[in-house]
Amino acid sequence: MDSETLVTLTNGIKDHLQSNGPRTRISPKQPFVIGVAGGTASGKTTVCNMIISQLHDQRVVLVNQDSFYYSLNEEELQKVNEYNFDHPDAFDTELLLSCMEKIKHGQAVNIPNYDVKSRKFSEPARKVNPADVIILEGILVLHDFRVRNLMNMKIFVDEDSDVRLARRIQRDTIERGRNVQNVLDQYDRFVKPSFDDFVLPTKKYADIIIPRGGDNDVAIDLIVQHIHTKLGQHNLCKIYPNIFIIFSTFQIKGMHTLIRDVKTTKHDFVFYSDRLIRLVVEHGLGHLPFTEKQIITPTGSVYTGVVFCKTLCGVSVIRSGESMENAVRACCKGIKIGKILIHGEGNNGRQLIYEKLPADIASRHVLLLDPILASGNSAVKAISLLLSKGVPESNIIFLNLIAAPEGIHAVCKKFPLLKLVTSEIDASVDDDLRVIPGMGEFGDRYFGTDS
């Protein structure tokens, strides 16, 4: 199968996921929930829209706290100018909590359709489906600790009070038909005191404070980068900070689809395994220490770059780990590669049969190569051998294509300073210690010795 066929396959997967909607979309188990608070007219909506526009490859929904105002009765409507819409009691926080809990756990919800002019609800309600990212925006979204506890990121949009007042006057007179005096009276009686008493104190709960609101492009870019990173994380990455999963694309998903397929020919299995291995190796090399270096380009210009450490070697776990050696040699010219052979004894025991390692391995950074991390028993044995040879734990980068949670727990719990780089985390291992869904016996399929 050539590259054009792979592109067609991955595009087909993408089209299938998009056409079948949220039920078949590959999404994180838990969406990433962002709270965006700040004073009236501080630029919260602008910030939200900028985040949404930059997260164009994710499914994002925006929920406004304004949708959860209490509907006013006739008596309250007669005295609407006496009503404080900036007080926490103006919002139905219980309904907000209920809706947020449901959508966070993958359920579609109906968000009230609140009309700011009539101060009543209108039909139909807005249906919101589960998403990758949920943004909750409003002046008091950080006020209630129960709502805050639902959030993965809390943002406070900070803007000068004079700027906020000018924006509010412009908005309320043009969009809501109010006169300037009415807006100023409401601001002095309710908006400013409520901001000082209820909104501004929530600033201390924010993870990120954005000065100048939507004008702060740098802050928005950093937030979006952080969200992308978090969306790509498996739940185990939140437990073990030394796990690194290469960023998944439809190309990578397509290659995994091919090498996991029992019907894939040996030629295609080797070709696409090699491509994936090269990506994992390149990612692993990115975790090596480096020093800055200035060089002169052919144009006579100065370029400030980096130089990675040169004291590096590879160690493959025989036999499947040998499939990764070509990619390491292609990326690291003249690299030394050692070998470790470990034999299984039942379901738990592992016996070291053979080892041949560089004599100076204790002074090197080590790329440990094994494409499949299942129970972790062999990996623990191999890592323990490297440590016994004097290799610092922090100098070991363990590279594999797929890893099972059982193996991750075994390795990362015992060796917290080691770095583990993989391309996908699978569901589990079965009673025979095979990774599920897995890709079968990798060494047999790669070297053509399977039945």
### Query
Which condition breaks for residue 331 when tested against (1) in contact with a strand residue (DSSP E or B) (Cβ under 7 Å, 6 or more places away or on another chain); (2) under 14 Å from residue 367 (Cβ atoms)?
(1)
### Summary
Considering region 423-447, residues that are among the β-branched types (Val, Ile, Thr) and out of contact with any Leu (no Cβ under 7 Å at 6 or more places or on another chain), and then whichever is surrounded by the fewest Cβ atoms within 10 Å (Cβ to Cβ), we arrive at 436
### Task
Scan region 96-123 for residues that are at pLDDT 85 or above and over 27 Å from residue 227 (Cα atoms) and jot them down.
112, 113, 114
### Query
What pairs come up if the first residue lies in region 72-88 and is in the same structural domain as residue 115 (by TED's automatic domain parsing) and under 16 Å from residue 139 (Cα atoms), the second is of a type outside the set (Ser, Thr, Tyr) and not in a helix (DSSP H, G or I), and their beta carbons are under 7 Å apart, counting only those six or more places apart or on different chains?
86/139; 88/140; 88/143
### Message
For region 124-160: of the residues being exposed (fewer than 14 other Cβ atoms within 10 Å of the Cβ) and under 24 Å from residue 220 (Cα atoms), which is modelled with the highest pLDDT?
### Response
149
#### Entry: Those residues of region 238-285 which are touching a Leu at 6+ places or on another chain (Cβ under 7 Å), among the hydrophobic types (A, V, I, L, M, F, W, C) and part of a loop (DSSP other than H, G, I, E, B), in sequence order
246
### Summary
Looking across region 165-210 at residues that are at pLDDT 90 or above and in a loop (DSSP other than H, G, I, E, B), the single one that is surrounded by the fewest Cβ atoms within 10 Å (Cβ to Cβ) is 207
### Message
Considering only residues that are acidic (Asp, Glu) and either within 22 Å of residue 34 (Cα to Cα) or touching a strand residue (DSSP E or B) at 6+ places or on another chain (Cβ under 6 Å) (or both), which ones fall in region 79-100?
### Response
86, 92, 94
### Message
Being at pLDDT below 90, surrounded by 14 or more Cβ atoms within 10 Å (Cβ to Cβ), aliphatic (A, V, I, L, M) and under 22 Å from residue 194 (Cβ atoms): is that true of residue 72 here?
### Response
yes
### Query
What number of residues within region 418-445 are at pLDDT 95 or above and either more than 28 Å from residue 267 (Cβ to Cβ) or not assigned by TED's automatic domain parsing to the domain that holds residue 373 (or both)?
3
### From the options 404, 362, 410, residue that is assigned by TED's automatic domain parsing to the domain that holds residue 344, in contact with an Asp or Glu (Cβ under 6 Å, 6 or more places away or on another chain) and free of Cβ contacts under 8 Å to residues at least 40 places away in the same chain
404
### Message
Go through region 427-451 and report how many residues are under 25 Å from the mean Cα position of the chain (by Cα) and farther than 18 Å from residue 324 by Cβ.
### Response
5
### Query
For residues in region 38-61 being of a type in the set (S, T, N, Q) and assigned to a loop (DSSP other than H, G, I, E, B), which is surrounded by the most Cβ atoms within 10 Å (Cβ to Cβ)?
42
### Query
So, of the residues in region 393-422 that are among the small types (Gly, Ala, Ser) and surrounded by fewer than 23 Cβ atoms within 10 Å (Cβ to Cβ), which turns out to be nearest to residue 338 (Cα to Cα)?
394
### Task
Kindly indicate whether residue 285 is touching a helix residue (DSSP H, G or I) at 6+ places or on another chain (Cβ under 7 Å), crowded, with 18+ Cβ neighbours inside 10 Å and farther than 25 Å from residue 332 by Cα.
no
### Task
Take region 380-408 and flag every residue that is of a type in the set (S, T, N, Q) and under 17 Å from residue 356 (Cα atoms).
384, 388
### Task
Can you confirm whether region 220-231 contains a residue that is of a type in the set (Asp, Glu) and crowded, with 18+ Cβ neighbours inside 10 Å?
no
### Task
Scan region 301-320 and give yes if some residue there is part of a helix (DSSP H, G or I) and touching a residue at least 60 places away in the same chain (Cβ under 8 Å), otherwise no.
yes
### Query
Which one is nearest to residue 432 (Cα to Cα), of the residues in region 332-361 that are at pLDDT 90 or above and touching a Ser or Thr at 6+ places or on another chain (Cβ under 7 Å)?
342
### Query
Which condition breaks for residue 328 when tested against (1) among the β-branched types (Val, Ile, Thr); (2) assigned to a helix (DSSP H, G or I); (3) free of Cβ contacts under 8 Å to residues at least 40 places away in the same chain?
(3)
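The values are calculated or read from the model by the stated rules, or taken from the named source; none is laboratory data. On a predicted model such as this, the values are computed, not experimentally measured, just so you know. Methodologically, a virtual Cβ is constructed for each residue, glycine included, from the backbone with ideal geometry; neighbour enumeration extends over all protein chains shown.
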